[in-house]
Amino acid sequence: MDVAIVGASGYTGGDLIRLLLLHPHICVTCATSRKLAGKPVESVHPHLKGLIDLRFSNPSADEMDADVAFLAVPHTAAMSYARPLLARGMKVIDLSADYRLPRDVYEKVYGVTHTDYFPAPYGIPEIHRDSYRNADFVSNPGCFPTGATLAAAPLARFAHTIVFDSKTGVSGAGDNPSSTTHYPNVADNVNPYKWTTHRHLAEMKQELAALGSGAKCYFTPHLVPVDRGILTTAHVLLERPMGQAEVEELYRKFYGGEFFVRLQDPILAAVRGTNFCDIRAESEGERVVVVSAIDNLGKGASGQAIQNMNILCGFDEREGLAVAGLLP
Ligand SMILES: NC(=O)c1ccc[n+]([C@@H]2O[C@H](COP(=O)([O-])OP(=O)(O)OC[C@H]3O[C@@H](n4cnc5c(N)ncnc54)[C@H](OP(=O)(O)O)[C@@H]3O)[C@@H](O)[C@H]2O)c1
């Protein structure tokens with residue numbers, strides 16, 4: 001199948017190309033960038049030199065031809081590609097926030113007007129895959145909501161309050177430099193940001209509700225000096241105490257058979273470059289502390305997007321994604 005990546009010069013676009021090189025049924029035939037049109041892909045992704053022979057281009061949506069398209073562009077940009085590419089018969093996976101929330105919630109949280117809204121399935125495969133197996137479009141979840149939701153999902157129905165505390169690597173902000181991501185600000189440092197107001201909180205609440213949970217939900221992210229990775233600590237406060245054995249059994253049942261969720265001590269480096277989410281839960285009775293580790297560009301973005309493409313296209317979900325992390 002031919003794949004087009006809209007926004008291929010960015011971080012998630014680069015990781016889509018890297019991982020799709022391993023996919024037996026896929027050929028990346030179109031990689032867009034407005035600024036780098038005409039330049040070879042390795043001009044901004046030197047790690048891909050010799051592995052793909054492709055130049056960036058800047059076609060309009062109406063000029064694009066492929067079987068599948070990934071939208072790896074900022075929110076508000078994706079909404080002008082989604083419907084035109086679907087109309088051209090492509091399956092579309094959107095990595096942006098444009099279709100993750102109902103229109104009114106999206107417009108409130110992101111402070112913009114949605115110019116081409118339609119309801120779309122929310123693509124955490126481990127929770128929702130059966131709802132979009134035959135779909136043409138899926139909205140890929142945010143990076144923080146992926147790690148947080150997978151950490152809390154088995155306990156969500158039993159909780160009255162969940163507090164997510166996440167540490168994220170700097171690539172989560174994309175390749176546009178800013179004072180926040182400037183080296184002296186990040187190195188040897190830990191920065192909490194958007195303590196109570198991060199946009200991803202809306203997705204977390206939405207997913208807890210989808211899991212049948214009425215729990216109150218709080219979230220604070222921190223920027224830490226690593227390139228990739230999100231480590232999330234979920235403090236799950238329960239309606240009734242649960243022992244360690246019961247909690248472990250819940251997690252084993254919920255994720256039994258899931259290739260990409262591994263129940264073991266979460267270590268950022270162990271999931272680096274992969275689509276894995278490593279999770280461990282520890283009970284102290286009324287509070288269970290659950291920690292998850294993902295790569296924000298892997299299970300938090302491009303890896304999960306490829307897992308979703310595999311679902312939409314009827315491939316084995318593991319195709320292109322059965323790679324080990326870089327440890328040490
Ligand atoms: N970074 C992460 O960890 C992460 C995780 C989950 C989800 N996401 C989401 O994935 C999307 C891409 O993130 P990223 O980190 O890869 O961003 P990025 O590094 O900033 O790359 C953005 C890409 O989109 C292109 N682009 C920007 N504005 C565009 C427009 N108006 N029309 C067409 N192309 C445009 C850019 O190339 P040109 O400007 O040259 O066209 C570039 O290729 C975002 O919606 C982000 O929120 C990111």
Q: Among the listed pairs Lys35/Lys299; Lys194/Lys216; Lys91/Lys205; Lys108/Lys299; Lys49/Lys91, give every one whose C-alpha distance is greater than 22 Å.
A: Lys35/Lys299; Lys91/Lys205; Lys108/Lys299; Lys49/Lys91
Q) How big is the Rg/Rh ratio for segment 226-296, C-alpha atoms only, Rh by Kirkwood, two decimals? A) 1.01
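Would you calculate a helix-derived [θ] at 222 nm for the chain, using -39,500 (n - 2.57) for each DSSP H run of n ≥ 4 and dividing by the full residue count, to the nearest 500?
Values: 10 runs with 80 residues, N = 328.
Here the helix-only value at 222 nm equals -6500 deg cm²/dmol.
Give the carbon-plus-sulfur fraction of the accessible surface of the chain in %, rounded to a whole number; probe 1.4 Å, heavy atoms of protein chains only.
Details: 7380 of 14120 Å².
The computed percentage sits at 52.
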Q | Rotationally averaged projected area of segment 2-120 (alpha carbon convex hull; nm²) | A | 7.4 nm²
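DSSP loop chymotrypsin sites (Phe, Trp or Tyr not before Pro) in segment 67-105 with at most 11 other Cβ atoms within 10 Å of their Cβ, which ones? Show your work: numbers first, answer last.
On the way: sites: Phe70, Tyr81, Tyr99; in loops: Tyr81, Tyr99.
Answer in residue order: no site qualifies.
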**Q.** Derived scalar couplings ³J(HN,Hα) [segment 53-65; Karplus, 6.51 cos²θ - 1.76 cosθ + 1.60; whole Hz; x for Gly, Pro]
**A.** 10, 8, 10, 5, 9, 9, x, 6, 4, 6, 9, 7, 10
(Q) Could you tell me how far the Cα centroid of segment 19-51 sits from the Cα centroid of segment 53-85, in Å? (A) 14 Å
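Just to confirm the filter: which chymotrypsin sites (Phe, Trp or Tyr not before Pro) across segment 160-226 are DSSP coil and have at most 16 other Cβ within 10 angstrom of their Cβ? Mind dumping the intermediate values first?
Working: sites: Phe164, Tyr193, Trp195, Tyr218, Phe219; in loops: Tyr193, Trp195.
When the chymotrypsin sites (Phe, Trp or Tyr not before Pro) of segment 160-226 are filtered for loop state and at most 16 Cβ neighbours within 10 Å, Tyr193, Trp195 remain.
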Q.
Restricting to Cα atoms and excluding each atom paired with itself, what does the Kirkwood estimate give for the chain in Å?
A. 20.0 Å
Q. Which of the peptides 23-30, 150-157, 133-140 is most tightly packed, and how do the rest follow, going by the mean number of other Cβ atoms within 10 Å of each residue?
A. 150-157, 133-140, 23-30
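Between Ser80 and Lys49, take the C-beta separation as r, use R0 = 25 Å, and let me know the FRET efficiency to the nearest 0.05.
Numbers: r = 31 Å, r/R0 = 1.26.
About 0.20, to the nearest 0.05.
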**Q.** Dipole magnitude of the chain about its Cα centre (Cβ charges: Lys, Arg +1; Asp, Glu -1), debye to nearest 20
**A.** 420 debye
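Given an 8 Å cut-off on Cα distances and at least 6 residues of separation, report the relative contact order of segment 2-120 as a percent.
Values: 206 pairs, mean separation 27.5, N = 119.
Value for segment 2-120: 23 percent.
Please state the relative contact order of the chain as a whole percent: Cα pairs under 8 Å, 6+ residues apart?
With pairs under 8 Å counted, the relative contact order is 18 percent.
Would you work out the charge dipole size for segment 94-138 about its Cα centre, treating the Cβ of every Lys and Arg as +1 and the Cβ of every Asp and Glu as -1, and quote it to the nearest 20 debye? Intermediate results must be reported in sequence, preceding the final value.
Details: 5 positive and 8 negative charges, 21 e Å.
In debye, rounded to 20, segment 94-138 gives about 100.
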Q: Could you please state, rounded to a whole Å, how far the C-alpha centre of segment 264-328 is from the C-alpha centre of segment 217-231?
A: 15 Å
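The values are calculated or read from the model by the stated rules, or taken from the named source; none is laboratory data. The shown structure was predicted, so the numbers you read here are calculated from the model rather than taken from an experiment. FYI the Cβ positions are ideal-geometry reconstructions off the backbone, even for glycines, and counts take in every protein chain you see. In case anyone asks, the SASA skips ligands and DNA or RNA and just uses the protein heavy atoms, side chains included. Shrake-Rupley method; radii C 1.70, N 1.55, O 1.52, S 1.80 Å.
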